[in-house]
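Read the structure below first, then the notes.
The values are calculated or read from the model by the stated rules, or taken from the named source; none is laboratory data. Fair warning: this is a prediction, and the values are worked out from it, not measured in the lab. Here the Cβ positions follow ideal geometry from the backbone for every residue, glycine too, while neighbour counts run over all protein chains shown.
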Amino acid sequence: MSKRSLDGLAGVGMCALSGSVFAEWEINLPEPVSPVTREIFGLHMLTATIALVIMIIVTAVIVYALWKFRKSAGYEADQNFHKGWFGNWAWVLVPVVVLGIDMSVAGKATKVFDLVEDTTPPDMTLKVIGSQWKWTYEYMDDGIRLVSNLNRDRKTDDPLYLHDVDNPVVLPINTRIRLLHTATDVLHAWWVPALAYKKDAIPGYINETWTIIEKEGTYRGQCAEICGGGHAFMPIVIKAVSKEKYAAWVQEKKLAAAAALAEADSAKVWGKDELYAKGEGIYRTNCVGCHQINGQGIPNVFPALAGSKIATGDVKAHLHIVTHGKPGTAMAAWGKQLNDLEIASVITYERNAWGNDTGDAVQPADVKAAR
């Protein structure tokens, strides 16, 4: 091996041993910031420590035995080992040791399980709905609904690529929050390790978890249940703020929702360009996960809209499928989730984007009539 090669290997070795490199290895769970995740983290560290100690002891015994009793040193196997004291009692000692290790964890684990199933009345309730491939949040006490999608504007060299969303969840600190988990299509799992433990979101069923966030900040998680081709595109972002900032955010959201509803219910006749611009944003928020940003869909999974019969054919048929959905498929009934203006806008966008160019401008009144 050349001197240059040896120098290169030495350099790699020095880098690998440097503290700065190890500091970049995020090989443990995030710092817990709630009572239940703190206990789970403690149990995790206890079991990991016990496992490490066992591994060291077993490895040391194996290495010692391989060296001490090797054939090259002239050692001959003891043919009567099973008749000795250890040979007779090992079948009792080993289970006792294993049981002792189990019992050292059992007390801590029981405490954690009791905390996980704690049913203390909450201060607020957040319903979390998983869908392919986005999260919908309903603030049950404040009447706020939030749809959170992957932020597709992040570039591949961005540290937050695949870890950011367009609408983060805002939650108050020092507040007991009940989380209700469900899904609209397949199994999902909402998991933010620093805040709450994982529990499956099952269609037609509601699971419950809880948390008390003790520290302001931004916390990230991910869908933890394989849910299809877009599973990797379901990040979770939580912004924990003070109670005062949260109250201001709630008020802002309520005012914005009221203004949007009033705008949708007005008799205004909208221009095609206005509807197109609004519809593009709504499409990127609600539809891009299945039909893709270019309207090409996912072959053999979700249909394309570019050049499709739905997006270029009868407007009434287009209105009906968007408003009422299509049973037996992943096409949701958006009439229950979007107002008349939003549906009119997104249909106008779909009928004029990607070369469809129908020239149609669907009005909120048309949607109202189709409901």
### Residue selected from the range 203-253 under the condition within 19 Å of VAL147 (Cα to Cα) and of a type in the set (Ser, Thr, Tyr), by the criterion farthest from the chain's Cα centre (by Cα)
TYR246
### Summary
Restricting the range 54-88 to residues that are of a type in the set (Gly, Ala, Ser) and surrounded by fewer than 10 Cβ atoms within 10 Å (Cβ to Cβ), the one nearest to LEU99 (Cα to Cα) turns out to be ALA77
### Query
What number of residues in the range 117-133 are modelled with pLDDT of 90 or more, surrounded by 13 or more Cβ atoms within 10 Å (Cβ to Cβ) and out of contact with any His (no Cβ under 6 Å at 6 or more places or on another chain)?
7
### Summary
For the range 172-205, the count of residues that are closer than 19 Å to THR37 by Cβ and in a loop (DSSP other than H, G, I, E, B) equals 6
### Message
Please go through the range 233-259 and give me each residue that is polar (S, T, N, Q) and assigned to a helix (DSSP H, G or I), ordered by number.
### Response
GLN251
### Message
Suppose we filter the range 66-113 for residues that are more than 30 Å from MET45 (Cα to Cα) and either of a type in the set (A, V, I, L, M) or touching a residue at least 24 places away in the same chain (Cβ under 8 Å) (or both); how many remain?
### Response
3
### Query
among the basic types (Lys, Arg) and within 14 Å of the chain's Cα centre (by Cα) - does that describe any residue in the range 262-282?
no
### Message
Residues that are over 26 Å from GLN132 (Cα atoms) and of a type outside the set (Val, Ile, Thr): does the range 216-236 have at least one?
### Response
yes
#### Entry: Residue selected from the range 24-57 under the condition out of contact with any Leu (no Cβ under 9 Å at 6 or more places or on another chain) and charged (D, E, K, R), by the criterion farthest from PRO193 (Cα to Cα)
GLU24
### Task
Residues being surrounded by fewer than 24 Cβ atoms within 10 Å (Cβ to Cβ) and under 31 Å from the mean Cα position of the chain (by Cα): count how many of those fall in the range 342-352.
1
#### Entry: Subset of the range 47-83 (residues that are basic (Lys, Arg) and either at pLDDT below 85 or outside the structural domain of VAL112 (by TED's automatic domain parsing) (or both))
LYS71, LYS83
